[in-house]
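**Q** Just passing along the structure, written as structure tokens.
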Amino acid sequence: MGNIKTAMFVLWFTITLVVIMSSSVLKNRVQVLERRLNTINSNIQKDIADIHVLKAEWSLQNTPDRLRKLAYEQLSLENARPEQIINYSALQFNNETAGNVKPAGSKKQFTTLVKAEVKKNAQ
């Protein structure tokens with residue numbers, strides 16, 4: 001009977017030690033994961049703040065007035081002059097002579113002429 005009590009005591013003592021050690025390991029693991037979670041959440045908050053700053057910067061940099069100014073400065077763009085604007089009917093094609101202009105009979109014929117002229121000039 002004494003051996004059984006001793007064996008039971010050793011068994012319960014061993015089980016208690018295993019439970020204490022595993023809960024300690026689990027507690028440490030949870031603390032590590034909580035620290036990682038806090039770091040990730042902190043990084044997310046920093047990224048959100050950075051996104052807000054970038055959106056504000058984007059809005060400021062893309063105002064139409066600023067873009068127009070940059071286009072004139074960097075691309076040397078100028079307003080279109082009236083002599084630069086022409087009508088398709090004023091275009092002279094190679095198959096037409098200066099004095100004998102034949103207007104296209106329909107929009108389809110005109111489109112065909114324009115495509116042929118563009119193709120010819122591309123070669």
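The values are calculated or read from the model by the stated rules, or taken from the named source; none is laboratory data. Just so we're clear, the structure is a prediction, and the values are computed from it rather than from any experiment. Reconstructed Cβ throughout: ideal geometry from the backbone, glycine too, with neighbour counts over all protein chains shown.
**Q** Could we say that N62 is of a type outside the set (D, E, K, R), modelled with pLDDT of 95 or more and not assigned by TED's automatic domain parsing to the domain that holds K108 here?
**A** Judged against the criteria, N62 is not a match.
**Q** So for the stretch 30-48 (the condition being farther than 30 Å from Q109 by Cβ and not in a helix (DSSP H, G or I)), does at least one residue qualify?
**A** No: zero hits.
**Q** Right, next: What are the residues in the stretch 80-109 that are of a type outside the set (A, V, I, L, M), at pLDDT 70 or above and within 42 Å of the chain's Cα centre (by Cα), if any?
**A** R81, P82, E83, Q84, N87, Y88, K108, listed by residue number.
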